[in-house]
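All remarks here apply to the structure that follows.
The values are calculated or read from the model by the stated rules, or taken from the named source; none is laboratory data. Quick caveat, the model's predicted, so the values are computed rather than measured. Backbone-built Cβ (ideal geometry, glycine too); neighbour counts: all protein chains shown.
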There are 2 protein chains.
Amino acid sequence: MNYQKRIKKLQGKLRRKKVDALLVSKPENRQYLCGYRGGDHGINETSGLLLVPAKGKVHLLTDFRFKLQAEQEVPWAETVIYPKGALKLLGRLLPDLAVTSLAFESHYTLHSFAERMTATLAKKRIKLVPTDGLVEAMRVIKDEEEIALIRSAVRLNEEVFTEIHSTLADYPTEIDVALAIETTMRRKGAERPSFDTIVASGANGALPHAVPGSSRVKKNGSLTIDMGLILDGYCSDMTRNLVAGKPSKRYRKLHRLVRKAQLAGAAAVRAGVRGCDADKAARDIIADAGYGDYFGHSLGHGVGLAVHEEPRLSSRSKKKLKAGMIVTVEPGIYIPGWGGIRLENMYVVREDGCENLNSDSTWLDI
Amino acid sequence: MNYQKRIKKLQGKLRRKKVDALLVSKPENRQYLCGYRGGDHGINETSGLLLVPAKGKVHLLTDFRFKLQAEQEVPWAETVIYPKGALKLLGRLLPDLAVTSLAFESHYTLHSFAERMTATLAKKRIKLVPTDGLVEAMRVIKDEEEIALIRSAVRLNEEVFTEIHSTLADYPTEIDVALAIETTMRRKGAERPSFDTIVASGANGALPHAVPGSSRVKKNGSLTIDMGLILDGYCSDMTRNLVAGKPSKRYRKLHRLVRKAQLAGAAAVRAGVRGCDADKAARDIIADAGYGDYFGHSLGHGVGLAVHEEPRLSSRSKKKLKAGMIVTVEPGIYIPGWGGIRLENMYVVREDGCENLNSDSTWLDI
């Protein structure tokens, strides 16, 4: 990855915003800008903050535990350790760097930290400027190197699915299936699942975010599998539905309906189309068939370094899609007491349409 | 768990603070108060907010995807769905509940959300009150039911370690060991690892938060394994060091030194002692032996619903320990280019000392 190019682009943005530096706290943004892979344990335990000045050297602020990793992974940045917390270090470092206005990521900074940072930096006459989405606006368009990495993450995810699908009978319960999936992912080289694998059998499928439990995978019962992995930092995300046996008439009907909605949604995805238009294209199919109330979530989301990122394909997203974005298209129908069906593929937005990154067609012929 | 008792206690606190309600956003706090287990995908994707009024019925605010789960897990609360986001719902719900002052968790609320919430609620003449640690202050003292659950989580963790330890030769690389550990955890019934398992061989052991990689586990080379799991919602956390073969003289010397520091730290842990005193007791041992600069992190941390929580055993923690707290004691020595040694057990703070929750003694006799 050309991190220097990304940094330069961001520095141009900072100069146009007339701020002296940006403090990057969101892990994916930090990774995008410098390749640092330190693991955060939630927002309360950061593995480091990236300080990008509008001009001059990038600093990676971290603690003792991550010092060696930071130096190894980002040798071109200045690694600085904060033995007494990030605020103390900022209070000392920013005046040294002649920073008088510091932008921070309002959408990934805790209220309490922002308050303390404001108080600490006010004493040094440094102004804080909340920003939202500066780096995300860069991340949302993937270059071909990134698209290739995401394609590999999708392919590996499908490989795992195919392997598990062919041995489904070996796993009696939802949790067994989920465990087999996640183990296979890592055995095949994935860093980790990109989210908690969802395996929902029968009526549990009515919960879009079902947690795999001890429910048995019943013969002739339906199964929703929503799975994704991270490979070389980039995510994949895919949902399949199937029946271990003979699907019911109702199942076949709804599966075909969801698939039809997915195809309509994907057919609408191209540069210049608004997120809400793609959502509507799929939603109309389901609503016209009388199931509108059973499709309660949005049609899709962006995927990249984060498994859920911009853009959104929802009824509220008025922004136009652009070439190089990568989105999921995942309509669903959820019927309490009966179950649910969701189908999810990933697509690259192109000028004249979109490119399906998935090739698996399990159960699309029913 | 007696959730009603916890809610009542919190409501008393709210009345004393003269606020009408608390909006609980931190997942562990939400779980502690109502048992809801919806999974959050980071702070940007909550699976629900708990609204606890100073008087009256608790409301669980969530979205379509978690509706059924919320209703099933917290039948005594009012589940309310926000089809257009939490802020829109709060703007409508709070006036209905006659809330004129709303406390929120400043340490788990994004700056951007707090800003938008302030603007939205100002129109309804509702005052926002930032708070920090209201529920954490309850969580920090564990009752015997919680201690029993944590003890089970520790025991299962040790069982997993013992199994992997006895088959270590089967796993050629760090990542193989980590994968075997995490798979075994889940096969034995854990919900998940409580953090990313650390397996660091040889010189990688010098990184306290090493990410398992393709480094081979060498004969006569050292191995640091830091592992924990979640069972019935509660966490365990344990670190062991070992050598697949014959340990070097230096390794034996440092292992004994770290163990001595751990025993000194644990001997200092009892109700009434400050976190910094326990830290000092262990640190002095390492410093007196000339390795003070190589022990760069604090001695320990609380464990409960979160794997890292209050209290802290660090040179900066002046608060006194209380009976019923659960802490790790985990001194370490990290030498760049050579490797590292860390030993970590979990202890229950009692009036007259502490109780070691661990029984595994692997390599403590070298």
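Put simply, of B:Asp196, B:Asp176 the only residue that is within 13 Å of chain A (Cβ to nearest Cβ) and within 22 Å of A:Phe64 (Cα to Cα) is B:Asp196. Residues that are within 14 Å of another protein chain (Cβ to nearest Cβ), farther than 17 Å from B:Cys34 by Cα and in contact with a helix residue (DSSP H, G or I) (Cβ under 6 Å, 6 or more places away or on another chain) do not occur anywhere in region B:89-104. Listed conditions (1) under 30 Å from A:Glu45 (Cα atoms); (2) within 14 Å of chain A (Cβ to nearest Cβ) are all met by B:Ile150, apart from (2). Within the option set A:Ala281, A:Ala261, A:Ala306, A:Ala289, being under 21 Å from the mean Cα position of the chain (by Cα) and either assigned by TED's automatic domain parsing to the domain that holds A:Thr167 or of a type outside the set (A, V, I, L, M) (or both) holds for one residue only, A:Ala306. Taken as a whole, the condition of being within 11 Å of chain B (Cβ to nearest Cβ), crowded, with 18+ Cβ neighbours inside 10 Å and charged (D, E, K, R) does not apply to A:Arg116. Could you please find all residues in region B:20-54 being modelled with pLDDT under 95 and more than 10 Å from chain A (Cβ to nearest Cβ)? Of everything in region B:20-54, just one residue is modelled with pLDDT under 95 and more than 10 Å from chain A (Cβ to nearest Cβ), namely B:Thr46. A:Glu71 meets the conditions (1) surrounded by fewer than 21 Cβ atoms within 10 Å (Cβ to Cβ); (2) charged (D, E, K, R); (3) at the interface with chain B (Cβ under 9 Å from one of its Cβ atoms) in every case but one. The failed one is (3). A residue that is within 14 Å of another protein chain (Cβ to nearest Cβ), surrounded by 15 or more Cβ atoms within 10 Å (Cβ to Cβ) and touching a Lys or Arg at 6+ places or on another chain (Cβ under 9 Å) occurs nowhere in region A:7-19. Screening region A:324-366 for strands (runs of 3 or more DSSP E) wholly inside it with 3 or more residues that are under 18 Å from A:Ala271 (Cβ atoms) returns the ranges A:326-329, A:345-350, A:353-356. The strands (runs of 3 or more DSSP E) located wholly in region B:1-73 that include 2 or more residues which are in contact with a helix residue (DSSP H, G or I) (Cβ under 8 Å, 6 or more places away or on another chain) and in contact (Cβ under 8 Å) with a residue 60 or more places away in the chain occupy B:21-24.
For the residues A:Ile198, A:Ile225, A:Ile181, the requirement of being under 20 Å from the mean Cα position of the chain (by Cα) and more than 24 Å from A:Glu28 (Cβ to Cβ) singles out A:Ile225. Before we move on, is B:Gly290 of a type outside the set (Lys, Arg), crowded, with 22+ Cβ neighbours inside 10 Å and in a loop (DSSP other than H, G, I, E, B)? So B:Gly290 does not fit the description; no. When region A:119-168 is limited to residues that are among the polar types (S, T, N, Q) and not in a helix (DSSP H, G or I), the one that is surrounded by the most Cβ atoms within 10 Å (Cβ to Cβ) turns out to be A:Thr131. The number of residues in region A:90-143 that are β-branched (Val, Ile, Thr) and without any contact (Cβ under 8 Å) to a residue 40 or more places away in the chain comes to 3.
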